[in-house]
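Data block below; observations after.
Each value in this text was obtained by applying a stated rule to the coordinates, not by laboratory testing. Quick caveat, the model's predicted, so the values are computed rather than measured. Reconstructed Cβ throughout: ideal geometry from the backbone, glycine too, with neighbour counts over all protein chains shown.
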Amino acid sequence: MSRRKWIWIGVGLGIFLCTVTPLACVAIGLVVLPGGTPGARVWGNAVAVVRVEGVIVSGRERDSLYSTGGNAYSESIIERLHDAEDDSSVKAIVLRVNSPGGGIVASDEIYQAMVEIEKPIVVSMGEVAASGGYYISCAAAKIVANPTTLTGSIGVISTVPNFEELLDKIGIQMLIIKSGDMKDELSPYRQPTEEEIEHWQAITDEAFEQFLGVVAEGRSMPRDDARELADGRVYTGQQALSLGLVDELGNLPEAIDLAAELAGIEGEPQIIEYKRSPTLMEMLLGALNRFPPSLSVDDLLGIERHFTVQYLYTTP
């Protein structure tokens, strides 16, 4: 019998059990919920692990089987932080950051939520914790990085494509009707004016000064010293340690041990991993082959539909 048939048999059996025996649903729920998710409570002194993986964006994860992931959604991350704060068994939090950063608003939302939490927070940096990923890390009591982690990239970037020459070559003209001179500022259909560039440079500079303030406060560093490190370059974890951008070298286990120490936990801490639990249907259908979501030309070219200012580490 093919794997696909076995899967559908499993789906039918699960639906039948949940229909006939309500207690079976409870049993399935206990099996489906891993021990590290909210809803599976751990009694005693525990350290919660909350992950920030991917580009930081505003909003909430789509609870969909067909969600492609790849982003760290600020509202979902903040919700998990609050869950950990409200859980009496959790004494400390480890924020596992593996992100090149992202939106300035989304990054600041996570940062502000972390600042308000009274339980000790330790950041564990993965392969990359740069720009917005470093921004949110500055809210932690301690930062632990792998020696080869790429971090820093303290700065702001604003990008917009320009299609003017391409449109001229293929004979397409865009008619723009606007209410004011700046209504179509930084339009991709023409070269930007000096006034537009100056306007967005001022916005970028304002966001940069905010970033500097976060670094100076979070790292107890004079603002001028932070500015010297904030030319946009990335640092390895080893370099960041010598510059005062991180506190220790290590990986996730070391960050958990440090968080437990800060919380006064004696012995081996229990660990709760906060993440979205898969639904029963997702568990049963997860092995099915499915078509990926359709991609637009904008997706393939990496083009934003609107101009954004970001705390984002980018590579050519």
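Brief remarks follow.
- Among Leu249, Leu81, the ranking by other beta carbons within 10 Å of each residue's beta carbon, starting with the fewest, stands as Leu249, Leu81.
- Residue exposure proxy: Phe211, Phe163, ordered by other Cβ atoms within 10 angstrom of their Cβ from fewest to most, comes out as Phe163, Phe211.
- Per-pair calculated FRET efficiency, R0 = 41 Å: Met174 and Arg233 via Cβ, rounded to 0.05: 0.65
- The trypsin sites (Lys or Arg not before Pro) found in the range 195-264 that occupy coil by DSSP, while having at most 16 further C-beta atoms within 10 Å, are Arg233.
- Here's the list of lysines a cross-link from Lys91 could span, going by alpha-carbon distance under 19 Å and ignoring same-chain residues fewer than 8 apart: Lys119, Lys142, Lys275.
- From the alpha carbon centroid of the range 74-109 to that of the range 239-269 is 17 Å.
- Projected onto its three principal axes, the C-alpha set of the range 128-240 covers 55, 28, 21 Å, listed from the longest axis down.
- In Hz, Karplus ³J(HN,Hα) per residue of the range 115-121 (6.51, -1.76, 1.60; θ = phi - 60°; x = Gly, Pro): 4, 7, 7, 7, 5, x, 10
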